[in-house]
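*Asks:* Structure provided below as structure tokens; questions to follow.
The values are calculated or read from the model by the stated rules, or taken from the named source; none is laboratory data. Just so it is clear, the structure is predicted and the values come from calculations on it, not from any experiment. Cβ coordinates were reconstructed from backbone atoms using ideal geometry, including for glycine residues, and neighbour counts include every protein chain displayed.
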């Protein structure tokens, strides 16, 4: 069950609640306006074998991170091969579908800024191959690690990729607890590996792989790594900026 900490910080698990289902797609909405967010969202998308329904991205910027599975994402008729630790950027107005030729589930973390209501448009068809504006695919291994204090982060999606509204990054936190801080943006986090505690003010709750976290703008917080190794997280924030900026 979701835990709500001081200031509206919310922590849930990736499969909490009933999914919305359409064809080969199951979607769990973990952060959004319905759960107290102002504009940002976080949802888990799981694509079974076969071709998924077509999803239309209307007016928001959407960023996706591939957790599991190798598959083909089709964006406005253009095919892209993706694998784990890949970021995907969807511009406003674009269409996306997934072709999963394997037997395993392809699992994505998606964030829309600002949030749109989830819908699977089974009556839509991918257009003929459209002219590519820029490559919407970026792999974590290709991004430079930027140090900040005793940790690092790698930016996947920002204005370099084409988004002026949202930033997507992966960060690494060593054992221990850093000082509390806050940001001037709304943020969602997804824990990729490691064990720890999410602090918001004087309140806290355990976190582990699959934890979904919402942080309101200007909420004092800290991610504590209680394990012996790395705690790694996926972060998305809106409006865009630098993960290194904190107050």
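*Asks:* Only one of 147, 243 is free of Cβ contacts under 8 Å to residues at least 12 places away in the same chain and either surrounded by fewer than 21 Cβ atoms within 10 Å (Cβ to Cβ) or under 26 Å from residue 39 (Cα atoms) (or both). Can you tell me which?
*Replies:* On inspection, the qualifying residue turns out to be 147.
*Asks:* Out of the residues in region 153-177 that are farther than 23 Å from residue 38 by Cα and crowded, with 17+ Cβ neighbours inside 10 Å, which is farthest from the chain's Cα centre (by Cα)?
*Replies:* Here the residue is 173.
*Asks:* List the strands (runs of 3 or more DSSP E) that sit entirely inside region 1-68 and contain at least 1 residues that are surrounded by 16 or more Cβ atoms within 10 Å (Cβ to Cβ) and at pLDDT 95 or above.
*Replies:* By residue number, 10-13, 25-31, 42-47, 61-68.
*Asks:* Name the pairs whose Cβ atoms lie under 6 Å apart, with the first residue in region 82-95 and in contact (Cβ under 8 Å) with a residue 12 or more places away in the chain, the second buried (at least 23 other Cβ atoms within 10 Å of the Cβ) and in a loop (DSSP other than H, G, I, E, B), and 6 or more positions between them or separate chains?
*Replies:* Listed pairs, sorted by first residue: 88/136; 89/136.
*Asks:* Among the residues of region 196-234, write down those that are free of Cβ contacts under 8 Å to residues at least 24 places away in the same chain and assigned to a loop (DSSP other than H, G, I, E, B).
*Replies:* If the condition is that a residue be free of Cβ contacts under 8 Å to residues at least 24 places away in the same chain and assigned to a loop (DSSP other than H, G, I, E, B), then 208, 209 are the ones that fit.
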